[in-house]
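What follows is one structure encoded as C-alpha cells, with my remarks underneath.
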Amino acid sequence: MKRTIAVLLSIIMCIGAMAFAIPAGAETEYNLFSDATYTYTLSDGIDFWTNGCTDTGRTCLTDGAFRRTSGNVAFNDIYGVAGTTVEIGAYGTTVIEFTLASPALLEKLIIRSARRSGNRYLNIESIETAPADGSYTVATYTESAAAIEGAPKYDGADQYFDITVAFTNMLTKAAKVRITLNTYDGYEEQYILSFDEIEAYGNVTSVYNVASDIAMSGATAVQPGQPFSVDVTFSNITLPNGIVGCDLPLVYDSELIMLESVELITPTAWNSKSVNLSPADVSLNPYWLSLACDADDLLTNTAYYVKTNGVLGFRLNFVALANGEAEIKVDNDLDNGLFIMAVNAKDFKIYGANGASHTVTVSGAAVTTYKVNYDANGGSGAPNSQTKLDGSDLTISSVVPTRDGYVFLGWAKSKNAQTADFVAGGKYTVDESVTLYAVWEEAAVPETYTISYNANGGANAPESQTKTEGVDATLSSIVPTREGFTFLGWAKSKTAQTADFAAGGKYTVDANVTLYAVWKENTAVEPETYTISYDANGGENAPEAQTKTKGVVVALSSTVPTREGYVFVGWAQSKNSAASEYNPGDNYTADADITLYAVWRAEHVDLVLGDVNFDGNINSLDAAYVLKYDAFMLTFDDAQLLVGDVNGDNTVNSLDAAQILKYDAMIIDRFPAQN
C-alpha cells in the first residue's frame, strides 16, 4: 500500500483564481539534464555536426545556451541556412542516452528548436528509462509541438518547434533516459536531425530524506486495559515553505495495543483551517495519518506554513490489551510511503522525512477482549473487525457499507433482521464476541410534486406538470399572452415584478408550486438587448443566436448540435472546456453578450476512472475539474460523474480530487473504488 500527500485543499487557491502570489524563497523549475552526461549511438555510423559549439565534452545538448531567444530569433547554422545548435547525421536512427546525476521522478522532456521540415523532420521513435541498477522499460507519453514565433519558414510554413513530451505516468527513480530519434515522417529521403537542446523536468528523489525528522513521545509503561497516548510530531523542518500536508504510515502491534482515535496537533495560527483526511476505520493496520491545510489564502499567508519552530502532528490514543513490548512505528519501510509536501514556484513538490519508533511495555493482569466483526449482508464495503475490552464500551465503526437500490439502516446481530440494533458510530456494550449484519431497506419510490401555471391576467397558460423528487423539471415552453403586455417569465408571487424562471427553464425544488406569469406593460421605449451566440465547436447544427432583453430571464435553446463520433456534453464559455457550464434549456440571467461553445466527448472514448476531462491522462487537471464541479463552477455529464467518483462514495467532491492527485504522484497505483 502506498499513499501520497493529502494535498486536497492546498490546491483550491490554484483552481479558484488560477493566478496567485508565490511565497518568498520558492524554488524554480530545474533542468535535470543540465548536470547529466550522455552518449550518442548512430545506426549508420555517420558522425554529427554542430554549430556554435563543440560536443567533444558532451555538453552541447545541455549547456543551456540557446542559439535563439524569444523576440530576438537568430538562426545561423553551418550552411548559412536558418538552423540550430546541433545537426546529427541520421540516415538511420540516432540514440542519445542520458545518465542523470541523481535518480529522479520524471514528468516531461522538452526538445528545443527542433526542425520539422522536409528531410529534416525530427521524429521521436521511442523513449525509455531505467533505474541505476535495472534494465530499460518503454515509457508512455503524449507529444505536443509549439511553433517558435519569429523563426524562418520552410515553403511558407513553420519549421522550428519546441517539442514537449509529457509522460502519461510520472516515471519514478529514473537514473537513465534513452531517446531514439529518426527523420522518418513520410519522406523517402532521411537525412539530418537538427535541434538545439534537450531538457528534462521533474523532482530529484535524493531530497526525500532531508526535509524533516519525526519525533514520537508518550507513555512507555502501561497496564492492560489502560488508555494512553503517543504524540507524532515533526521537528527540524527544512522545507522551502514549510509543511502544508502530510501522509504517514502508522504500524503498531495490534495484538498488544488497540488504536482508538487520532487527534490533530496543528499550529495555533491554523485554528480550524486544517482537515484530517485519515480513514474513519481506526482498526486498519497500517493506519494512514493524513493532514492537509484548509487555508483559502494558503499560498500568500505564511501563517499557515509550519516552519522550524512550528508544531505539527497527530495524537494517537491507544488502549493496552495484553502483556508484552508493543512497538509503534512511523517509517519509510512501506514502499517509501512517507511524505511531506511543500510549495514551490512551479507546483507542489514531495519531500521525505526521517521516521521514528516508540516502544510501550504492557504489564499486569491480562484483559479479556472480544472481536466485533461486520458482514455487509449482500452489500459491500463492510468495516474491518474491531476489538472490545472487557467492561468497556466500544464505539462501532462509522464506516457505512453500500448496496444498490437499498438504504442502510444500521447493524443487527441477526442476518435476517428488519430493524437495526446498532447505528454506525454508536456504542456496543456487551462483553462477548459478535458478528454484526448490515440491515437494509429497499429504497422508496420517489415522491412527485405538481407545478401549476397561472396566466395572471393573461391567457393560454400551460397545463400543469409533474416533478419527480430529486429530478429537475423542465418548465413548459408555452408562453401565455396578454394584450399590451410583454411576458417576462414566471414567479412564485402573483405580484412579482421580475421573473424567477424562464419558459423552458429548470425547476429544482421538491415541492408543489404555482407559478404566476410576470408581465411588463409595453411602452414606446425599446428595452436594451443582448445576444446569445452558439458555436458548434467542430460540430454542426448549432442553434440560432438568441436575443435577451435586459432584466428578462431567457431559457437557452433546446436545440442540440451534432458531431460525428462525439457526444454533446453541454455549453461552456471556453472553446477548450471539457465540462459544461450550461445545458440546453438552462436559465440565462446575465445582462451581457455571450458566446457559448459546444463541449464534446468522443463517442467511443474508453471511460477510465479519474480521467474526467477525457484527455487520456489522470493528473492535476482532472483534480481541478473535480474541484470546480464541487464548487458548482462546472456541470458534469453522467460519464464524468461515473469516472470522477474514484473513492466510490457515490459523490464527486474534493475527496475524489485528493485521490486523483495521489494517483498523479504515482504513490497509489489504483483508486479506493477499484479495491
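Mind checking the dipole of region 369-442: about its Cα centre, +1 per Lys or Arg Cβ, -1 per Asp or Glu Cβ, Debye to the nearest 20? It would help to have the intermediate numbers written out before the result.
Numbers: 6 positive and 9 negative charges, 21 e Å.
The calculation lands at about 100 debye.
Pop a pseudo-label 7 angstrom from the Cα along the beta-carbon direction at both residue 368 and residue 593 and give the gap in nm to one decimal.
For the pair residue 368/residue 593, the computed spacing is 8.3 nm.
Enumerate the amide H contacts of residue 570 below 5 Å, restricted to partners 5 or more residues apart or on another chain; note that Pro and chain-start residues carry no placed amide H.
599
Once fully extended, how much extra length lies between residue 392 and residue 479, figured as 0.36 nm per residue of separation less the alpha-carbon to alpha-carbon distance?
The span from residue 392 to residue 479 would gain 24.5 nm if fully extended.
Amide H to amide H under 5 Å from residue 250: which residues, 5+ apart in sequence or cross-chain, H placed 1.01 Å off N in plane?
Residues meeting the criterion, in which the H sits 1.01 Å from N, are 287, 288, 289.
Mean shadow of region 448-521, computed from the convex hull of its alpha carbons, in nm²?
So the Cα hull casts an average projection of 4.2 nm².
Apply the Karplus parameterisation 6.51 cos²θ - 1.76 cosθ + 1.60, with θ equal to phi minus 60°, to every residue of region 214-228 and state each ³J(HN,Hα) to the nearest whole Hz, in sequence, with x for glycine and proline.
These are the phi-based 3J(HN,Hα) values: 9, 10, 10, 9, x, 4, 10, 9, 9, 10, x, x, 8, x, 8 Hz.
Could you tell me the calculated FRET efficiency between residue 254 and residue 528, based on Cβ-Cβ distance and R0 = 60 angstrom, to the nearest 0.05?
0.25
Expected output is a single nm value to one decimal: the length gained when fully extending between residue 168 and residue 511, i.e. 0.36 nm times separation in residues minus the C-alpha distance. What is it?
Additional length available on full extension: 118.7 nm.
Taking a label point 7 Å from the Cα of residue 153 along the Cα→Cβ vector, which residues of region 113-134 have an amide N closer than 13 Å to it?
The answer is none.
Can you tell me, using C-alpha contacts under 8 Å and at least 6 residues apart, the relative contact order of region 369-442 as a whole percent?
39 percent
Please get the size of the charge dipole for region 529-674, origin at its Cα centre, with Cβ charges of +1 on Lys and Arg and -1 on Asp and Glu, quoted in debye to the nearest 20.
With only Lys, Arg, Asp and Glu charged at Cβ, the dipole is about 320 debye.
For region 529-674, list log₁₀ I(q)/I(0) at each q in 0.18 Å⁻¹, using the Debye formula over Cα point scatterers of equal strength and ignoring solvent, two decimals each.
Summing over Cα pairs of region 529-674 leads to -0.98.
Per the Cauchy relation, a quarter of the hull surface: what is the mean projected area of the convex hull of the alpha carbons in region 369-442, in nm²?
Details: hull surface 16.6 nm².
Reported value for the Cα convex hull: 4.1 nm².
Using the Kirkwood radius built from alpha carbon pairs, what does the Stokes-Einstein equation give as D for region 432-572 at 4 °C and 1.567 mPa s, in µm² per second? Don't skip to the end; give the middle numbers.
On the way: Rh = 18.2 Å.
Taking Rh from Cα pairs, D becomes 71 µm²/s.
Could you derive backbone 3J(HN,Hα) for region 354-362 from the dihedral phi with the Karplus parameters 6.51, -1.76 and 1.60 (θ = phi - 60°), listing whole Hz in sequence and x where the residue is Gly or Pro?
Each residue's phi maps through the Karplus curve to give 7, x, 8, 9, 8, 10, 10, 8, 9 Hz.
Please list, in order along region 253-264, the HN-Hα scalar couplings obtained from phi with the Karplus expression 6.51 cos²θ - 1.76 cosθ + 1.60 (θ = phi - 60°), rounded to whole Hz, x for Gly and Pro.
Values per residue, Gly and Pro as x: 7, 6, 7, 9, 9, 10, 7, 9, 6, 9, 10, 7 Hz.
Quick check: residue separation of residue 138 and residue 666 times 0.36 nm, minus the Cα distance between them. What number comes out in nm?
Separation in residues times 0.36 nm, less the Cα-Cα distance, equals 188.4 nm.
Take residue 615 and residue 418, extend 7 Å from each Cα along the Cα→Cβ direction, and tell me the distance between the two endpoints in nm.
Result for the modelled spin labels: 5.5 nm.
Counting only residues 5 or more places away or on other chains, whose amide H sits under 5 Å from the amide H of residue 202 once H atoms are built in the peptide plane?
Here the answer is 30, 32, 107, since their amide H atoms fall under 5 Å of that of residue 202.
Provide the FRET efficiency to the nearest 0.05 for the residue 427-residue 535 pair, computing r from the beta carbons and using R0 = 60 Å.
So, using R0 = 60 Å, E works out to roughly 0.50.
For the residues 273, 492, what sequence is obtained by ranking on other C-beta atoms within 10 Å, fewest first?
492, 273
Please go through the residue pairs 506/662; 492/575; 467/628; 108/575 and name each one whose alpha carbons sit more than 32 Å apart in this structure.
Checking Cα-Cα distances, 506/662; 492/575 exceed 32 Å.
What FRET efficiency comes out for residue 492 versus residue 281 if R0 is 60 angstrom and r is the Cβ-Cβ distance? Round to the nearest 0.05. Provide the component values of the computation, followed by the final result.
Values: r = 46 Å, r/R0 = 0.76.
Efficiency, from the Cβ-Cβ distance: 0.85.
The numbers here are math on the coordinates, done by the rules we state, and not lab data. Small disclaimer: the values here were computed from a predicted structure and weren't measured. So basically every Cβ, Gly included, is an ideal-geometry build from the backbone, and we count neighbours across all protein chains shown.
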